[in-house]
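**Student:** My questions all concern the structure below.
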Amino acid sequence: MELDEEGLESFFSFMAPLLNERQRRLMAGAMAQALGRGGQALVVRASKMSSRTVFDGTKEVAGGAGPSERIRREGGGRPRLIDVDPDVLINLDDLVEPDARGDPMSALRWTLKSTRQLADALKEMGHEISSWTVGQLLHQMGYSLQATAKTVEGAQHPDRDAQFHHINDEAARRLEANEPVISVDSKKKELVVGKKANKGREWQPTGSPERVDVHDFPDPEVPKAVPYGVYDLGANEGWMEVGSDHDTAAFAVNAIRRWWQSMGIERYPEATRLMVTADAGGSNGYRNKLWKVELAKLAAETGLEITVCHYPPGTSKWNKVEHRLFSFISINWRGRPLTSYRTIVELAAATTTRTGLKVRAEWDEGVYEKGIKITDKQLASLPITRSEWHGDWNYAVGTTAENRRK
């Protein structure tokens, strides 16, 4: 029988990529057996397989190999690195651990060093290892690549957690009684003139991105939008006040006023009390005297007793308005230049979520003067009742509070 080695090479070249390792081995063995004397050597040359692989395949075919889920023969393939070099895992963990973050008992840890740096360090210890293998071992050991996370809050007040419990308990009681509980804060200012870049991406025709300015340097002459948010915890509804002047306490309380007039009084017609949770600083900070003066005006106008609970200093990220309202508004206007106040208002008002969040937004054209001084005498005349628990952080403003104080 005349052997056509060229035709055999074409056969293996076509078939090999279509089969797994076991199937290729058995195909080579079956072909070698069919060719008879000299068949194994010819198959080795034509298939580019090792003589050992072809020999094993011929042996398996002769033994009556049948269907099997195993691809490699028992003990086949290159031995694992950790089997021939078990110390590599110990040394790798020692290299990573000094810079590791997180609980060592946690299922997820992460490293700061690159796989290339770790591979180089292991090679200096005498281990033959690639950066790719280091990555595989790190995954097996419970590490993964992670970005930085803003979690360090600086010096913590000793009553930080107790204040959280106080806020949660008070809010739970109010919500159970169907009383309004809102979370308030100001969002970062947004440039509204020109084509300024906005973080995020949105779907656009390929090759047609929204063109924006290359630079976005701060410019005192460029108008900015001042967003202030009010989030109703019980109704899962938000109000966004978009101002064009200054972020003052008067502006902040006016946002609460307009929320109450537009949404709150309709949802809570029988309410006599309103609970407000706010950050410790800024236009609604607990040390801001004008904030309390403006709240007293609002309480007198509405007849509501307004109870305010401030989050401890340095814990603004726990404020509900941040992740229940602002985060979704930011998602809705991602990748779009905010070219006008109308654009900002309409994008905010169009924000919805699968959990039913609804948002209303309006532009506040008011002018809010900065630097208004409130004297201690004026502050003392306000109908404010301080809580027995951290009265600076927790207090009630309004006629009911005044009656209780008397």
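**Student:** Among the residues of segment 251-273, which ones are in a helix (DSSP H, G or I), of a type in the set (Gly, Ala, Ser) and farther than 25 Å from Lys189 by Cβ?
**Tutor:** Here is the first cut: in segment 251-273, the ones in a helix (DSSP H, G or I) are 251-267.
Subset that is of a type in the set (Gly, Ala, Ser): 252, 255, 262, 264.
Within segment 251-273, just Gly264 meets the criteria.
**Student:** Looking only at residues in segment 162-193 that are modelled with pLDDT of 65 or more and part of a loop (DSSP other than H, G, I, E, B), which one is surrounded by the most Cβ atoms within 10 Å (Cβ to Cβ)?
**Tutor:** That would be Pro180.
**Student:** Separate question: Among the listed residues Asp159, Asp120, which satisfies the condition of being of a type in the set (Asp, Glu), surrounded by fewer than 16 Cβ atoms within 10 Å (Cβ to Cβ), modelled with pLDDT of 65 or more and within 25 Å of Thr315 (Cα to Cα)?
**Tutor:** Values: Asp120 fails: within 25 Å of Thr315 (Cα to Cα).
After applying the criteria, what remains is Asp159.
**Student:** Would you please name the residue that is farthest from Glu362 (Cα to Cα), looking only at residues in segment 263-289 that are of a type in the set (Gly, Ala, Ser) and surrounded by 24 or more Cβ atoms within 10 Å (Cβ to Cβ)?
**Tutor:** From segment 263-289, those of a type in the set (Gly, Ala, Ser) are 264, 271, 278, 280-283, 285; that's our starting set.
With the extra rule that they be surrounded by 24 or more Cβ atoms within 10 Å (Cβ to Cβ), the set shrinks to 264, 278, 283.
On the way: Gly264: 15, Ala278: 21, Ser283: 19 Å.
Only one residue tops the list, namely Ala278.
**Student:** Output the residues belonging to segment 371-401 that are of a type outside the set (Ser, Thr, Tyr), closer than 23 Å to Ala271 by Cβ and not in a loop (DSSP other than H, G, I, E, B).
**Tutor:** Within segment 371-401, Ile384, Arg386, Asn394, Ala396, Val397, Ala401 qualify.
**Student:** Here's something else I'd like to know. Among the numbered criteria (1) touching a residue at least 12 places away in the same chain (Cβ under 8 Å); (2) among the charged types (D, E, K, R); (3) farther than 19 Å from Phe55 by Cβ, which one does Arg22 miss?
**Tutor:** Failing condition for Arg22: (3).
**Student:** Checking the conditions here, which among Tyr368, Tyr286 is under 30 Å from Gln156 (Cβ atoms) and assigned to a loop (DSSP other than H, G, I, E, B)?
**Tutor:** Details: Tyr368 fails: under 30 Å from Gln156 (Cβ atoms).
Going through Tyr368, Tyr286 in turn, the sole match is Tyr286.
**Student:** Please work out if Gly282 is at positive phi and of a type in the set (Gly, Ala, Ser).
**Tutor:** Values: at positive phi: yes; of a type in the set (Gly, Ala, Ser): yes.
Considered against the rule, which asks whether it is at positive phi and of a type in the set (Gly, Ala, Ser), Gly282 comes out as yes.
**Student:** With respect to Trp260, determine if the residue is buried (at least 19 other Cβ atoms within 10 Å of the Cβ), touching a strand residue (DSSP E or B) at 6+ places or on another chain (Cβ under 7 Å), farther than 19 Å from Gly285 by Cβ and among the aromatic types (Phe, Trp, Tyr). Step through it out loud before you land on a result.
**Tutor:** Values: buried (at least 19 other Cβ atoms within 10 Å of the Cβ): yes; touching a strand residue (DSSP E or B) at 6+ places or on another chain (Cβ under 7 Å): no; farther than 19 Å from Gly285 by Cβ: yes; among the aromatic types (Phe, Trp, Tyr): yes.
It is false that Trp260 is buried (at least 19 other Cβ atoms within 10 Å of the Cβ), touching a strand residue (DSSP E or B) at 6+ places or on another chain (Cβ under 7 Å), farther than 19 Å from Gly285 by Cβ and among the aromatic types (Phe, Trp, Tyr).
**Student:** If you go through segment 233-261, how many residues are under 18 Å from Ala299 (Cβ atoms) and either touching a residue at least 12 places away in the same chain (Cβ under 8 Å) or of a type in the set (Ser, Thr, Tyr) (or both)? Even if it seems obvious, please write down each step before you answer.
**Tutor:** Just the residues of segment 233-261 that are under 18 Å from Ala299 (Cβ atoms), to begin with: 249-261.
When the remaining residues are screened for being either touching a residue at least 12 places away in the same chain (Cβ under 8 Å) or of a type in the set (Ser, Thr, Tyr) (or both), the result is 249-260.
Number of matching residues: 12.
**Student:** Moving to a separate point now. Find the residue count for segment 239-257, including only residues that are crowded, with 19+ Cβ neighbours inside 10 Å and more than 22 Å from Glu322 (Cβ to Cβ).
**Tutor:** 1
The values are calculated or read from the model by the stated rules, or taken from the named source; none is laboratory data. Note that this is a predicted model, so its numbers are computed, not measured. Every residue, glycine among them, receives a Cβ derived from its backbone with ideal geometry; neighbour counts consider all protein chains shown.
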